[in-house]
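Take a look at the following structure, please.
None of the figures in this text is laboratory data; all of them are computed from the coordinates on show. Keep in mind that this is a model prediction, so the values were computed, not measured. Cβ placement follows ideal geometry from the backbone for every residue including glycine, while neighbour counts extend to all protein chains displayed.
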Amino acid sequence: MTDKIVTVNIGKKGINDNLVNEINMILKKRGVVKVKMLRNFRNMTMGGVDRKALAREIAGMIDGELVDVRGFVMMFKRC
């Protein structure tokens, strides 16, 4: 049986404590999580924000490290 990678979406509420807690919970349980930036989040914040810089910022908030950024999808693994 293969384990599927869980995807967490960042929507119009942005990056908040609940999102960080959810990512940490998934990392603790599964070891890997994908985080996808939805279009409404990108429209609100992506005016001058670099995707990779945002991914590094999220990595600093969670108990994991950044693995890859492809398009608007980031992948993190447990430290």
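FRET efficiency for Arg78 and Arg39, Cβ-Cβ distance as r, R0 = 35 Å, nearest 0.05?
Using R0 = 35 Å, I get an efficiency of 0.75.
What dipole magnitude, in Debye to the nearest 20, does the chain give about its Cα centre under +1 on Lys/Arg Cβ and -1 on Asp/Glu Cβ?
Once rounded to the nearest 20, the dipole reads 280 debye.
Got a sec to turn the phi values of region 66-76 into Karplus ³J(HN,Hα) couplings, 6.51 cos²θ - 1.76 cosθ + 1.60 with θ = phi - 60°, whole Hz, x for Gly and Pro?
Whole-Hz 3J(HN,Hα) from phi for region 66-76: 6, 9, 7, 10, 10, x, 10, 10, 10, 10, 10.
Quote the relative contact order of the chain in percent (integer), defining contacts as alpha-carbon pairs under 8 Å separated by 6+ residues.
Relative contact order comes out at 33 percent.
Then there's this: If one computes P(r) from the Cα atoms of the chain, what percent of pairs lie at distances over 17 Å?
40 percent
Continuing with this model, one more query. Packing-wise, with mean Cβ within 10 Å as the measure, how do 12-21, 56-65, 26-35 rank, highest first?
26-35, 56-65, 12-21
Report, in deg cm²/dmol and to the nearest 500, the calculated mean residue ellipticity at 222 nm for the chain, where each DSSP H run with n ≥ 4 adds -39500 (n - 2.57) and the sum is divided by the residue count.
Helices in the chain give a 222 nm mean residue ellipticity of -12000 deg cm²/dmol.
In whole Hz and in residue order, list the ³J(HN,Hα) couplings for region 10-26 that follow from phi through the Karplus curve 6.51 cos²θ - 1.76 cosθ + 1.60, θ = phi - 60°; x for Gly and Pro.
Per-residue couplings from phi come out as 9, x, 5, 7, x, 8, 9, 4, 5, 5, 4, 5, 5, 4, 4, 5, 5 Hz.
Within region 36-71, whose backbone N sits under 16 Å from a point 7 Å along Cα→Cβ of Asp17?
Inside the label zone: 61-62.
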